[in-house]
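These notes are about the structure you will find just below.
Please treat every number below as a calculation from the coordinates, not as lab data. Remember, predicted model here, so these are calculated numbers, not experimental data. No Cβ is skipped: glycine too gets one built from the backbone with ideal geometry, and neighbour counts run over all protein chains shown.
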Amino acid sequence: MKPGLLLIGGATERMIDRFEAEFTLHRLSEIDDLPAFLSAQGPTITGVATNGHAGVPTEILEGCPNLKIAAAYGVGYDGIDTDACAARGIKVTHTPNVLNDDVANTALLLLLAASRDLVFNDAYVRAGRWAKEGNTPLTRSPEGKVMGIVGLGRIGQRIAEKLAVFDARVVYHSRTRKDVAYEYYDDLTRMARDCDYLIVITPGGAATDKLVNREVIEALGPNGTLINVARGTVVDEAAMIAALQDGRLGWAGLDVFEDEPNVPEALFALQNVTLLPHVASATVETRQAMGDLVCDNLSQFLKDGTVLTSVPETAHL
Ligand code: A2R
């Protein structure tokens, strides 16, 4: 009999095909009575496929005593209780690196869209306003500006490389200094004060909660642009909105929000923001590579008990 796999998050057809080849697949979305399912099938479940938001609910951890692997579709895993998984001997995997380029590209997309008022200008043409009202206001050039990256990890480093097209001066803040040519700031507020753009790309979770607080936002200031492709929790959303409303912060380009998919309505009224529905990695190519890595982790685990891309917290298992 094939081992059981419980699908908690979403998956593509290509992933489903591979899951079904190796596992008996159960989809959480099709289970009406979870306690009944867990008492009947829980012991057969060896793996779960999830994502960094849905995580692995405690009820499932407790109801699946033979669970050994939780494979997440995405690089961030702030919604997964990795301590609880490690304590139960469950390996947690994620999908680092394969999404670096598209997430970095999304940071550049938001940066350009915010700088050149892309959304406003597009709407202006579509509404037939150009012929009636004339040219739109001048926008801002990213060329030669100071761009601060908050979190110079796998994605942050790719962003830094891609910013070379703007001839920008790249600086960064992270917990530790890296062996790179970019200037390091151990103080985020001080860096924000020196920056025209602040690009946030740390993990979410408790350690980075509201890392970009009111003080950092005000240091970035009325001529500054905040780009967030990390997690909504990393920025104090209420402080950011207030600053965007009264001009203490110039512009923002946001792919992520505190309470997705709910976005504060106050943002809808602002001209100085560009909003995306958390799509940084959402290209056909990158989602396929992410899905393949989820499946490869599960397959390898079935073969020899090892995985390809463990999160650091369960790498010792
Ligand atoms: O640990 P360090 O010094 O390498 O810094 C990491 C930085 N970071 C922080 N920076 C400042 N304050 C913190 N409390 C803090 N915690 C972490 O974020 C590192 O430079 C960066 C994370 O890099 P990676 O672990 O390589 O993550 P990756 O693949 O770049 O993805 C970043 C995040 C995901 O977790 C998702 O939330 C999002 O991008 O898609």
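Data overview
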read-out: Ala21/His316 FRET efficiency (R0 35 Å; Cβ-Cβ; nearest 0.05); value: 0.70
read-out: Pairs beyond 22 Å (Cα-Cα), from Lys68/Lys303; Lys91/Lys210; Lys91/Lys303; value: Lys91/Lys210
read-out: Order of Asp179, Asp209, Asp196 - criterion: other Cβ atoms within 10 Å of each residue's Cβ, fewest first; value: Asp179, Asp209, Asp196
read-out: Inter-label distance for Glu59 and Asp304, nm, one decimal - labels placed 7 Å from Cα along Cα-to-Cβ; value: 3.9 nm
read-out: Within a Gaussian network of the chain (alpha carbon springs, distance under 10 Å), most fluctuating of Val279, Val180, Val212; value: Val180
read-out: Cα-based helix-to-principal-axis angle, 13-22 vs the chain, degrees rounded to 10; value: 20 degrees
read-out: Extension gain, Gln288 back to Val180 (0.36 nm per residue minus Cα-Cα distance, nm); value: 35.8 nm
read-out: Separation of the Asn213 and Gln245 label points, Cα + 7 Å toward Cβ, nm; value: 2.1 nm
read-out: Cut-off 12 Å (backbone N to label point 7 Å along Cα→Cβ of Asn97), residues of the range 118-161; value: 154
read-out: Inter-label distance, nm, simple model (7 Å from Cα along the C-beta direction), Ser141/Arg14; value: 4.1 nm
read-out: Mean projected area (nm²) of the alpha-carbon convex hull when the range 178-317 is viewed from all directions; value: 11.0 nm²
read-out: Separation of alpha-carbon centers, the range 170-233 and the range 67-121, rounded to whole Å; value: 18 Å
read-out: The range 229-243 - phi-based ³J(HN,Hα) in whole Hz, Karplus 6.51/-1.76/1.60, Gly and Pro as x; value: 10, 9, 9, x, 5, 6, 10, 6, 4, 5, 5, 5, 5, 4, 5
read-out: Folded to 0 to 90 degrees: helix 100-115 orientation relative to the chain principal axis, Cα; value: 30 degrees
read-out: Cβ-derived FRET efficiency at R0 35 Å, Asn223 paired with Trp130, nearest 0.05; value: 0.80
